[in-house]
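Report on one structure; see the data block that follows.
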Amino acid sequence: MKVKTQENGRGREVTIRQADLRDARPICALIKSNPLELIVRPLGDIVRNIDRFTVVYAGGRLVGCASYSVLPEAGNFSHASIEMTSVAIRKSWRGRGLGRKLVETMVERISQLRPVQIIVLTYTPDFFRKIGFERIAKQDIMYKIYSGCMNCTKHSNPFTCPEVAMAYTPKFDDGPDETQKGESK
């Protein structure tokens, strides 16, 4: 997928695509350059999960990334939520609509997995609200709290952490999922 944007009055081609292994080091550097907004991820974790990343390139340089993590519901895997993580746009490229396009691309990609909801923990709730995410209570995502937030090195209590929990509910126009029909028998 390619979109156009402007830089200094000149058209510049921007590419948004699924990441590959060549992107691992630039992704790691971009995440590390945003320590106040993001949880730093080790390079090995990025490599192991490279298939879950989407990247934004402009002028041959990585300017954005996002990933996701499946949060399964014990006993009912078709009722899983998916967390969008590591959403970052290089500071010099913010305000050009690339973050919105990246998140919309991720929502489309994640929706193919048919989650119950897509969640995000963010310091920029207004940005996500404009895309269709709604604020939710952290108590509504306890699996995430116990599996991720309890290990956070930034805040001692996930419920006093300033990140805002938000959710987006994907819409599916092809009717009920066949696997869910079979589970009700």
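The values are calculated or read from the model by the stated rules, or taken from the named source; none is laboratory data. In this text, all values refer to a predicted model and were calculated from it rather than measured experimentally. With ideal geometry, Cβ positions are generated from the backbone for all residues, glycine too; neighbour counts draw on all protein chains shown.
If you go through the stretch 2-21 and keep only what is at pLDDT 95 or above and among the β-branched types (Val, Ile, Thr), you end up with just Ile16. With Gly60, Gly99 as the choices, which residue is touching a helix residue (DSSP H, G or I) at 6+ places or on another chain (Cβ under 7 Å) and either without any contact (Cβ under 8 Å) to a residue 40 or more places away in the chain or among the polar types (S, T, N, Q) (or both)? Exactly one of Gly60, Gly99 is touching a helix residue (DSSP H, G or I) at 6+ places or on another chain (Cβ under 7 Å) and either without any contact (Cβ under 8 Å) to a residue 40 or more places away in the chain or among the polar types (S, T, N, Q) (or both), namely Gly99. Comparison of Ile141, Ile89, Ile145 shows that the only residue that is more than 15 Å from the chain's Cα centre (by Cα), farther than 24 Å from Lys171 by Cβ and buried (at least 16 other Cβ atoms within 10 Å of the Cβ) is Ile145.
The residue that is nearest to Cys161 (Cα to Cα), counting only those in the stretch 10-36 that are among the acidic types (Asp, Glu) and surrounded by fewer than 14 Cβ atoms within 10 Å (Cβ to Cβ), is Asp20.
Is it the case, given these coordinates, that Ile131 is assigned to a strand (DSSP E or B) and touching a Lys or Arg at 6+ places or on another chain (Cβ under 9 Å)? It is false that Ile131 is assigned to a strand (DSSP E or B) and touching a Lys or Arg at 6+ places or on another chain (Cβ under 9 Å). Considering (1) at pLDDT 90 or above; (2) farther than 12 Å from Arg90 by Cβ; (3) not in a helix (DSSP H, G or I), the lone condition that Ala24 does not fulfil carries the number (3).
In this entry, Glu183 is excluded by the filter for residues that are of a type outside the set (S, T, N, Q) and either modelled with pLDDT of 95 or more or surrounded by 18 or more Cβ atoms within 10 Å (Cβ to Cβ) (or both).
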